[in-house]
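Reviewing the structure listed below.
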């Protein structure tokens, strides 16, 4: 009986060690890689048909940016505000990038590219200058 318990414990520990760590596991930081940053920045530099959402409108010079209180929540570790307008990355750009970590998505909010955990809507990384020029 003790042998069975020890054997099952050892097998359990061995299997746990072999299982790949999920992106959200403790100690694993999920951020944009240098390659992703390079691809995103280069793509937006080459594609002028996707202007920044933060450009001033010609009518009255008012900015289309989010209100400061909401914009402040577009930061690492904070959940996205409910009902915030998100855009998907252009399909050509998505195809050029490696897949996002399992359970995460890349979205555009207020001219920033965010890496967001799907289940919790918590922002894990922000690229402020990829889309903005």
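Quick notes
- Pair list, Cβ under 8 Å, 6 or more apart: the stretch 71-86 residue under 17 Å from residue 108 (Cβ atoms), other residue at pLDDT below 90 and not in a loop (DSSP other than H, G, I, E, B): 81/70; 84/70
- Qualifying residue in the stretch 18-25 (condition: assigned to a helix (DSSP H, G or I) and at pLDDT below 95): yes
The values are calculated or read from the model by the stated rules, or taken from the named source; none is laboratory data. Predicted, not measured: the structure shown is a model, and the values here were computed from it. Ideal geometry is used to build each Cβ from the backbone, glycine not excepted, and the neighbour counts take in all protein chains shown.
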